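Q: Here you go, one structure.
The values are calculated or read from the model by the stated rules, or taken from the named source; none is laboratory data. Small disclaimer: the values here were computed from a predicted structure and weren't measured. Because the Cβ atoms are built from the backbone with ideal geometry, glycine has one as well, and the counts that use them run over all protein chains shown.
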Amino acid sequence: MSDKTAPCAPAVPVRIFLVVVDESAELSVALAYACLRARRCGGRVALLYVTEPTEFQSWRAVEDLMREERRVEAELTLQRHAKEVNRRTGILPVLYLREGERREELLRLIDEDPSISVLVLAASTGPEGPGPLITYLASAGVNRLRIPLTIVPGTLTEEQIAAVS
């Protein structure tokens, strides 16, 4: 009998689908798409919420209170969407909460975390265009991305999402 053991196969990295959380109507479409893709490929969903700083800096105590209120609201929003991701995928998502300018914090996170594989955003359904983040990333910001950007039409139904994912 040989004492040799078969070499372990290299670990396959889990695909992480990152969704930027905001208050837009199309967020639910991006979440549904990311959850379905993650479930189908054995991946995971990550949620990023960015609180933007206020311009109010006259009194430090007031600014600190406003920052804390934004953080609490952001945490509650992330928890609500995390429950939905868990319901859809059976796995709790990775949660990121940052403060700063949304697109810069998004790009910084993608650069810092090599486990993030795909950025999933849903296009706005309004007449003003797909949304400021998509507009930036699809033009000047595209050279700053190291991962694929998936833009999902914000008007997709659950059935359509299932068909394309």
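Q: Of (1) buried (at least 17 other Cβ atoms within 10 Å of the Cβ); (2) under 25 Å from GLY42 (Cα atoms); (3) not polar (S, T, N, Q), PRO130 satisfies all except one. Which?
A: Here PRO130 meets the rest and fails (2).
Q: Look at THR155 and say whether it is in contact with a strand residue (DSSP E or B) (Cβ under 8 Å, 6 or more places away or on another chain) and touching a residue at least 40 places away in the same chain (Cβ under 8 Å). Outline the logic, then answer.
A: Numbers: in contact with a strand residue (DSSP E or B) (Cβ under 8 Å, 6 or more places away or on another chain): no; touching a residue at least 40 places away in the same chain (Cβ under 8 Å): yes.
Against the criterion (in contact with a strand residue (DSSP E or B) (Cβ under 8 Å, 6 or more places away or on another chain) and touching a residue at least 40 places away in the same chain (Cβ under 8 Å)), THR155 does not qualify.
Q: Among GLU63, GLU69, which is surrounded by fewer than 21 Cβ atoms within 10 Å (Cβ to Cβ), at negative phi, assigned to a helix (DSSP H, G or I) and out of contact with any Ser or Thr (no Cβ under 9 Å at 6 or more places or on another chain)?
A: Numbers: GLU63 fails: out of contact with any Ser or Thr (no Cβ under 9 Å at 6 or more places or on another chain).
Of the residues listed, the single one that is surrounded by fewer than 21 Cβ atoms within 10 Å (Cβ to Cβ), at negative phi, assigned to a helix (DSSP H, G or I) and out of contact with any Ser or Thr (no Cβ under 9 Å at 6 or more places or on another chain) is GLU69.
Q: Also, quick follow-up: Search the range 70-86 for residues that are over 13 Å from ASP22 (Cα atoms) and pair each with any residue that is outside any helix (DSSP H, G or I) and of a type in the set (Asp, Glu) when their beta-carbon atoms are under 8 Å apart and the residues are at least 6 apart or on different chains.
A: Qualifying pairs under 8 Å: ARG71/GLU99.
Q: Limited to the range 125-145, what total is found for residues that are within 15 Å of the chain's Cα centre (by Cα) and over 14 Å from SER24 (Cβ atoms)?
A: 2
Q: Quick one: which residue in GLU112, GLU104, GLU128 is at pLDDT below 95 and acidic (Asp, Glu)? Let's see the steps before the verdict.
A: Working: GLU112 fails: at pLDDT below 95; GLU104 fails: at pLDDT below 95.
Of the residues listed, the single one that is at pLDDT below 95 and acidic (Asp, Glu) is GLU128.
Q: Then there's this: Going through the range 72-119 one residue at a time, which ones are closer than 21 Å to THR51 by Cβ and among the β-branched types (Val, Ile, Thr)? Give the steps one after another, and end with the answer.
A: Taking the range 72-119 first, the residues closer than 21 Å to THR51 by Cβ are 72-85, 93-113, 116, 119.
Answer for the range 72-119, where residues must be closer than 21 Å to THR51 by Cβ and among the β-branched types (Val, Ile, Thr): VAL72, THR77, VAL85, VAL94, ILE110, ILE116.
For every residue, the table says whether it meets (1) on the phi > 0 side of the Ramachandran plot; (2) aliphatic (A, V, I, L, M); (3) assigned to a loop (DSSP other than H, G, I, E, B).
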{"site": "LEU92", "(1), (2), (3)": "no, yes, yes"}
{"site": "PRO130", "(1), (2), (3)": "no, no, yes"}
{"site": "THR135", "(1), (2), (3)": "no, no, no"}
{"site": "VAL152", "(1), (2), (3)": "no, yes, no"}
{"site": "GLN160", "(1), (2), (3)": "no, no, no"}
